[in-house]
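The values are calculated or read from the model by the stated rules, or taken from the named source; none is laboratory data. Predicted model, so just to flag it, every value in this text is computed and none were measured. All Cβ positions, even for glycine, are placed from backbone atoms using ideal geometry, and neighbour counts span all protein chains on display. The area values use the complete protein model at the heavy-atom level, side chains included, leaving out ligands, DNA and RNA. Shrake-Rupley method; radii C 1.70, N 1.55, O 1.52, S 1.80 Å.
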Amino acid sequence: NLSPRFKQLYTSTTPTNFISAANDSREAVVFIRSLTKLEGGNALNRDLSSSTGSGVVISRDGYIVTNHHVIEGADIVEVTLNNNKEYIAKVVGSDTQTDMAVLKIEADQMPYMLFGNSDSLQVGEWVLAVGNPFRLQSTVTAGIVSAKGRNINLLRQRGGEYAIENFIQTDAAVNPGNSGGALVNTSGELIGINTAIASQTGSYSGYSFAIPINLAKKIINDLKDYGEVKRAILGVRIQDITQEL
């Protein structure tokens, strides 16, 4: 038997075990297919176009959080669970300023994720990204928190005039289809919603960004309660302080 001090030194060098966190989160992350009707269809009678993404079940009665851009413009939103059960989801509400959306499916006893505290995240902490990149369902990747409080002007480019960006930056591999999926700590708690990558090619090149769950909580609650986000107007504009200022 090792002494307590030697055991602490020894175990601190062993790899972090992601198995429990991965198993718990995979059950609560869903595959989302957004279908949009095409005017007139085509010769093959295909009158729907589709795009795909991810979502996270956040309550036992079937509320799901995802990104606004995953379901934007959709006429039909299909949700596929990890056990391959399929549902048609209702869009409860969405918010362009934070790129968040809430869906609801008619189901109960759903596996769901508990919220963690994204404010307590530390740079260098291990995290998992869970989602459906390139339609590969229930994919888990690992990385660390690379930075916090990132503003990459992504949401303003998408039309969010008063966009709020406070992204968690990680090096967990995220690709198209991961949007709306879960960023998870090693305790299996939801600490972010994967939203974007920084890439010249459109595929992962080392940087991914997630909306902190502490920011998302108010958005989720407002969308559930009111169907829109309630915001006060402060009457000022905010800018970074430069050396000249």
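The condition (being modelled with pLDDT under 95, more than 22 Å from Phe134 (Cα to Cα) and over 23 Å from the mean Cα position of the chain (by Cα)) is satisfied by just one residue among Ser20, Ser3: Ser3. Scanning region 127-141 for residues that are open to solvent by 40 Å² or more (accessible area, probe 1.4 Å), in contact (Cβ under 8 Å) with a residue 60 or more places away in the chain and on the phi < 0 side of the Ramachandran plot yields Gln137, Val140. Take the residues in region 32-45 that are loosely packed, with under 10 Cβ neighbours inside 10 Å and either at negative phi or in contact with a Lys or Arg (Cβ under 7 Å, 6 or more places away or on another chain) (or both); name whichever of them is modelled with the lowest pLDDT. For region 32-45, the residue satisfying everything is Ala43.
Would it be correct to say that Asn166 is modelled with pLDDT under 90, under 14 Å from the mean Cα position of the chain (by Cα) and of a type outside the set (D, E, K, R)? For Asn166, the condition - modelled with pLDDT under 90, under 14 Å from the mean Cα position of the chain (by Cα) and of a type outside the set (D, E, K, R) - is met. Among the residues of region 200-245, those identified as modelled with pLDDT under 90 and either of a type in the set (D, E, K, R) or assigned to a helix (DSSP H, G or I) (or both) are Arg231, Arg237, Asp240. Of the residues making up region 67-105, just one is under 13 Å from Val57 (Cβ atoms), out of contact with any helix residue (DSSP H, G or I) (no Cβ under 9 Å at 6 or more places or on another chain) and of a type in the set (D, E, K, R), namely Lys85. Counting only strands (runs of 3 or more DSSP E) that fall entirely inside region 56-142 and contain at least 3 residues that are more than 20 Å from Ala196 (Cβ to Cβ), the qualifying elements are 76-80, 86-95.
Scanning region 196-231 for residues that are open to solvent by 30 Å² or more (accessible area, probe 1.4 Å) and either in contact with a Gly (Cβ under 7 Å, 6 or more places away or on another chain) or among the basic types (Lys, Arg) (or both) turns up Lys217, Lys218, Lys224, Gly227, Glu228, Lys230, Arg231.
Check whether at least one residue in region 67-76 is open to solvent by 90 Å² or more (accessible area, probe 1.4 Å), at pLDDT 90 or above and within 17 Å of the chain's Cα centre (by Cα), and report yes or no. Yes, the conditions are met somewhere in region 67-76. Considering (1) surrounded by 10 or more Cβ atoms within 10 Å (Cβ to Cβ); (2) among the hydrophobic types (A, V, I, L, M, F, W, C); (3) more than 22 Å from Leu103 (Cβ to Cβ), the lone condition that Ile193 does not fulfil carries the number (3). Of the residues Val229, Val174, Val184, the single one that is closer than 25 Å to Gly116 by Cβ, free of Cβ contacts under 8 Å to residues at least 60 places away in the same chain and not hydroxyl-bearing (Ser, Thr, Tyr) is Val174.
How many residues, within region 143-162, are assigned to a loop (DSSP other than H, G, I, E, B) and either crowded, with 18+ Cβ neighbours inside 10 Å or at pLDDT below 75 (or both)? It would help to see each step written out before you state the result.
Within region 143-162, the first condition is being assigned to a loop (DSSP other than H, G, I, E, B), and the residues that meet it are 151-153, 158-162.
Narrowing the set further to residues that are either crowded, with 18+ Cβ neighbours inside 10 Å or at pLDDT below 75 (or both) leaves 158-162.
Of the residues in that region, 5 qualify.
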